[in-house]
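Structure first, commentary second.
The values are calculated or read from the model by the stated rules, or taken from the named source; none is laboratory data. Since this is a predicted model, take the numbers as computed values, not measurements. Backbone-built Cβ (ideal geometry, glycine too); neighbour counts: all protein chains shown. Please note that ligands, DNA and RNA were not included when accessible areas were found on the heavy atoms of the full protein model with its side chains. Shrake-Rupley method; radii C 1.70, N 1.55, O 1.52, S 1.80 Å.
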Protein chains: 2
Amino acid sequence: MNQEPSAETVQRGNFHVPGFRVASAMSGMRYRNRPDCALIMSDVAAAAAGVFTQNRFCAAPVVLCKEHLDAAHGRARAVLINAGIANACTGEEGIRRARQSAQRLATLLGIPYREVLVASTGVIGPQLHLEALDHVLPQLIATLHPEGWLDAARAIMTTDTVPKTAWARTQVAGTTITCGGMAKGSGMISPDMATMLAFVVTDAALAPNVLRYWLTESVNRSFNRITVDGDTSTNDTVLVLASGAAGHAIITDSSSPEAENFGALLTRVCLDLAQQIVRDGEGATKFVAVTVRGAKSRQRALAVARTVANSPLVKTALFGQDANWGRVVAAAGRSGVDFDPDRVSLYFDNVCIFKNGQPVADETLEAKASAVLRQKDICMTLELGEGNASETVYTCDFSYDYVKINADYRS
Amino acid sequence: MNQEPSAETVQRGNFHVPGFRVASAMSGMRYRNRPDCALIMSDVAAAAAGVFTQNRFCAAPVVLCKEHLDAAHGRARAVLINAGIANACTGEEGIRRARQSAQRLATLLGIPYREVLVASTGVIGPQLHLEALDHVLPQLIATLHPEGWLDAARAIMTTDTVPKTAWARTQVAGTTITCGGMAKGSGMISPDMATMLAFVVTDAALAPNVLRYWLTESVNRSFNRITVDGDTSTNDTVLVLASGAAGHAIITDSSSPEAENFGALLTRVCLDLAQQIVRDGEGATKFVAVTVRGAKSRQRALAVARTVANSPLVKTALFGQDANWGRVVAAAGRSGVDFDPDRVSLYFDNVCIFKNGQPVADETLEAKASAVLRQKDICMTLELGEGNASETVYTCDFSYDYVKINADYRS
């Protein structure tokens with residue numbers, strides 16, 4: 001916290017955002033000997049917004065968050081998070097337990113029930129253990145701390161191997177504002193949200209509708225542009241709370257320069273968290289940015305990029321450090337986008353290995369491309385040659401460990 | 001060949017179909033010390049039809065086949081197949097080489113150029129070695145044999161571990177007809193065709209349009225219902241040739257009882273070949289039929305079945321012998337089909353582990369389901385509870401070996 005970052009720099013590690021405190025604790029609900037619960041608390045009824053899974057099986061905490069954000073007109077005071085049990089596919093009883101946990105927290109904190117949000121991640125099916133939560137709530141409340149974020153980021157991990165935090169600052173209307181957050185997720189990650197939770201807070205002062213607008217924009221440029229395995233979950237949630245503690249005039253117009261400025265800050269923090277999730281992809285050894293450019297539309301670019309980024313054959317080739325452009329173009333070819341194959345070119349970083357529908361004749365290029373593939377970070381760029389639109393999707397490789405982690409997860 | 005199968009029984013192993021001879025040989029084009037080329041020859045200009053990849057990158061042999069089937073009005077005499085080099089993404093030179101190989105074979109056989117079809121499978125990018133083919137063509141022609149199918153099935157293998165043949169007989173208009181074929185493919189397999197070649201011949205007498213109609217029907221019920229990894233290829237081809245050697249009156253009406261009878265025979269052979277491909281899926285240890293029933297439409301059933309059958313998390317759970325119904329329903333939930341989650345039930349074989357949107361409370365059921373998961377063959381049935389339509393997709397699990405095979409393929 002001693003180093004003041006430039007407006008553009010996203011930092012990781014611990015942080016604090018004025019107006020918020022956070023705590024973590026061990027409930028023993030499923031994991032032993034590790035914190036598995038976190039509580040985020042705002043000093044005031046913060047502006048709040050959420051983006052949730054599109055999966056037809058939508059977990060109980062997601063149902064509750066949507067109801068509460070609506071009932072409280074985009075305001076929230078507290079977010080309770082547990083890892084280990086997802087409270088998904090748990091029927092009416094699951095909803096009842098989600099409500100009950102929120103109710104108990106509201107009572108203990110003396111705040112309105114509808115200003116409590118909840119999020120769960122873990123195994124689908126089992127019910128929440130309310131007694132375990134009961135036991136841990138007072139402890140969470142007693143240990144709330146402005147700089148508890150890194151511990152909280154650890155408490156919400158499931159198959160994650162590292163805690164994920166990001167924060168940055170910018171100037172809005174002459175005032176410095178801070179935006180910081182934590183995320184978890186490493187498998188079941190795909191565009192349209194995944195087994196992924198992210199919680200971002202800011203001391204900026206925004207009307208709830210402005211916050212909602214910029215959260216949607218930011219998620220579309222970050223969490224909806226990553227993929228680990230194409231699978232999405234029942235619980236995906238991104239929540240953002242704005243305390244207003246920075247003290248500048250409240251931003252009420254989504255298209256004002258101040259709102260744009262805040263939106264850019266939020267997007268940077270979300271993108272950094274999203275990229276950390278991909279880097280921590282189950283078994284991942286590579287971080288790959290798949291860019292499709294020269295498309296007629298962003299939709300077409302995105303459809304091609306997602307198909308390539310999700311292809312098991314592309315992802316196993318990346319693990320094998322194989323500059324297998326054939327698999328990349330074959331994946332692009334089945335994306336459903338009717339591009340002209342004879343105008344397609346492919347680059348690994350800046351090595352053009354495939355040009356206008358054919359491999360480049362220079363045989364030294366494959367060695368150069370293979371050198372790129374040995375890097376941990378790789379940029380793969382597919383040029384469609386039909387327009388000016390581009391999109392980027394972030395992915396990782398498919399390794400032995402991906403299979404091992406996911407074949408053994410419940411045993 | 002000594003055992004006469006019943007009309008309904010599909011046999012594997014070697015076979016012969018009157019009117020056809022087949023040969024295999026070693027070109028050395030890419031593989032060493034193994035046959036890598038095959039030739040199928042019809043005694044007469046057979047009725048012929050093909051179904052090809054939908055990939056935008058369409059290999060040179062696919063382009064040639066489409067042209068020739070059109071130019072020869074659905075007639076063909078010979079099919080030349082090579083394994084190791086796919087002749088895909090090879091530009092004008094690739095097309096030229098495909099044409100040249102067909103031309104040389106036509107000249108050697110003294111048959112019209114347009115009655116030669118070609119198919120290739122293997123690595124994308126390199127050009128065909130015409131000298132190697134030149135060398136091997138006379139040898140192929142000299143060794144044509146009515147019972148060369150099993151050897152030919154071996155010659156067209158790439159990452160396949162077993163040769164794949166299937167044949168069966170039925171009665172058409174009082175005459176026994178035979179239908180037999182061979183296929184290759186074990187990765188890059190997905191609905192809408194994949195790195196998969198299949199060649200089926202019959203002595204039935206059919207007009208080309210009847211053959212074309214029933215090939216499309218059969219492929220939709222077989223090769224388009226399998227998936228190994230969701231990836232599709234540049235070269236996928238299913239060709240069928242009908243010699244008419246059985247001698248019955250030619251079938252000219254696609255909806256006649258004789259045509260239906262032939263169509264059922266062709267479908268049985270194609271489905272058996274398709275299932276052999278899944279069973280030989282790269283690294284596969286399980287064969288899984290994913291059935292979605294109780295859907296409002298077959299399209300909806302198919303969309304859900306394909307999403308489940310392609311889910312890496314479902315496939316790794318199958319490898320782990322884990323009755324992880326949560327992953328199955330979460331995959332169904334992201335299929336884009338707006339079913340009612342509270343009406344969904346899931347069975348592993350006949351064990352109902354998830355009913356009306358929730359896990360079944362009986363805790364002994366998970367053990368029973370786990371016992372099913374230890375089988376090599378598994379039926380997974382998802383009931384949507386919204387209608388009467390159903391569809392089945394065949395898939396396999398995702399193992400360490402899938403990653404190993406695909407990370408190492410070119411090295």
Given H placed 1.01 Å from N in the peptide plane, which residues other than close sequence neighbours of B:VAL118 have an amide H under 5 Å from its amide H?
B:CYS65, B:LEU80
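Using the Cα centre of the protein assembly as shown as the reference point, and only Cβ charges (+1 on K/R, -1 on D/E), how large is the resulting charge dipole? Debye, rounded to the nearest 20.
With Lys and Arg at +1 and Asp and Glu at -1, about 260 debye.
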Fraction of alpha-carbon pairs over 36 Å apart in the protein assembly as shown - percent:
50
Computed magnitude of the charge dipole of segment A:20-278 (debye, nearest 20; Cβ of K, R +1, Cβ of D, E -1)
320
Taking a 18 Å limit on the Cα-Cα distance, which of the listed pairs A:LYS286/B:LYS404; B:LYS315/B:LYS404; B:LYS184/B:LYS376; A:LYS315/B:LYS404; A:LYS184/A:LYS404 fall beyond it?
B:LYS184/B:LYS376; A:LYS184/A:LYS404
Counting only protein heavy atoms and using a 1.4 Å probe, what share of the accessible area of segment A:20-278 belongs to carbon plus sulfur, as a whole percent?
51
How well do other chains shield peptide A:314-325, expressed as the mean number of their Cβ atoms within 10 Å of each residue Cβ?
5
Which residue, B:ALA152, B:ILE141, A:THR285, has the largest displacement toward the positive end of the dipole of the protein assembly as shown when charges sit on each Cβ (Lys, Arg +1; Asp, Glu -1)?
A:THR285
Taking the label point as lying 7 angstrom from Cα along the Cα-to-Cβ axis, what are the distances from B:ARG32 to the corresponding position in the remaining copies, in ascending order and in nanometres?
5.5
With charges only on Cβ, +1 for K and R and -1 for D and E, what is the dipole size of segment A:287-408 about its Cα centre, in debye, rounded to 20?
280
Karplus couplings for segment A:361-371 from phi (6.51 cos²θ - 1.76 cosθ + 1.60, θ = phi - 60°), rounded to Hz, Gly and Pro as x?
5, 4, 6, 6, 5, 5, 5, 4, 5, 5, 4
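May I ask you to compute the full-extension gain from A:GLU67 to A:THR161, defined as 0.36 nm times their residue separation minus their alpha-carbon distance, rounded to one decimal in nm?
Working it through step by step, the gained length comes to 30.6 nm.
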Specify which residue in the list A:CYS352, A:ASN324, A:HIS68 is farthest towards the positive end of the charge dipole of chain A, using unit charges on the beta carbon of Lys, Arg (+1) and Asp, Glu (-1), about the Cα centre.
A:HIS68
Karplus (6.51, -1.76, 1.60) ³J(HN,Hα), θ = phi - 60°, over segment A:251-257, in Hz, Gly and Pro reported as x:
8, 10, 10, 4, 9, 6, x
Antiparallel DSSP bridges in segment A:20-278: what percent, to the nearest 5?
70
Select from B:ILE111, B:GLY174, B:SER218 the residue farthest towards the positive end of the dipole of segment B:20-279; place +1 on Cβ of Lys and Arg, -1 on Cβ of Asp and Glu, and compute about the Cα centre.
B:ILE111
For labels at B:THR252 and B:ALA367 in the simple 7 Å Cα→Cβ model, what's the distance in nm?
6.8
One would report the antiparallel percent of DSSP beta bridges in segment A:287-408, rounded to the nearest 5, as 70
Under the classification rounded if a/c is under 1.5, otherwise prolate if a/b is larger than b/c and oblate if not, where does segment A:309-378 fall, given a ≥ b ≥ c as square roots of the Cα gyration tensor eigenvalues?
oblate
Here the whole-number average of other chain Cβ atoms within 10 Å per Cβ of B:354-361 is 3
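Under the classification rounded if a/c is under 1.5, otherwise prolate if a/b is larger than b/c and oblate if not, where does segment A:59-169 fall, given a ≥ b ≥ c as square roots of the Cα gyration tensor eigenvalues?
Rounded is the answer for segment A:59-169, as its axis ratio a/c remains below 1.5.
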Note, A:MET29: beta-carbon cut-off 12 Å, +1 each Lys/Arg, -1 each Asp/Glu, net +1
Looking at chain B, what % of the alpha carbon pairs are farther apart than 39 Å?
21
Could you work out the relative contact order of segment B:201-312? I mean the mean sequence separation of Cα pairs under 8 Å and 6+ apart, divided by the number of residues, in percent.
36
Packing-wise, with mean Cβ within 10 Å as the measure, how do A:295-308, B:347-360 rank, highest first?
A:295-308, B:347-360
Between A:GLY13 and the same site in the other copies, what are the distances in nm, shortest first, taking label points 7 Å from Cα along the C-beta direction?
7.2
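How high is the relative contact order of chain A, given as a whole-number percent (alpha carbon pairs under 8 Å, six or more residues apart)?
17
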Using a 7 Å Cα-to-Cβ projection, B:ASN350 label spacings across copies, nm, ascending:
6.7
Decide, for segment A:287-408, between rounded, prolate and oblate: order the square roots of the alpha carbon gyration tensor eigenvalues as a ≥ b ≥ c, take rounded if a/c falls under 1.5, and otherwise choose prolate if a/b is larger than b/c, else oblate.
oblate
Under 5 Å between amide hydrogens, which residues at least 5 positions from A:SER297 or on another chain qualify, with H placed 1.01 Å from N in the peptide plane?
A:ALA389
Based only on Cα atoms, what mean projected area does the convex hull of segment A:273-327 have, in nm²?
4.4
Is there a simple number for the mean count of other chain Cβ atoms within 10 Å of the Cβ of residues in A:55-63, and what is it?
4
DSSP-defined antiparallel bridges as percent of all bridges, the protein assembly as shown, nearest 5
70
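For every helix of n ≥ 4 consecutive DSSP H residues, a contribution of -39,500 (n - 2.57) applies; sum these over chain A, divide by its total residues, and give [θ] at 222 nm rounded to the nearest 500 deg cm²/dmol.
Values: 11 runs with 136 residues, N = 411.
Roughly -10500 deg cm²/dmol at 222 nm, from the helical runs in chain A.
I need the peptides A:150-156, B:339-345 ranked by packing, meaning the mean over residues of other C-beta atoms within 10 angstrom, with the highest value on top.
Those peptides, ordered most packed to least, come out A:150-156, B:339-345.
Considering only protein heavy atoms, what per residue accessible area in square angstrom results for segment B:44-200 with a 1.4 angstrom probe?
I get 31 Å² per residue for segment B:44-200.
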Residues other than A:TRP149 with Cβ under 12 Å of its Cβ, Lys/Arg counted +1 and Asp/Glu -1, net out at +2
Using θ = phi - 60° and Karplus 6.51 cos²θ - 1.76 cosθ + 1.60, couplings along segment B:159-176 (whole Hz; Gly, Pro as x)
8, 4, 9, 9, x, 10, 10, 7, 7, 7, 10, 8, 9, 10, 6, x, 10, 6
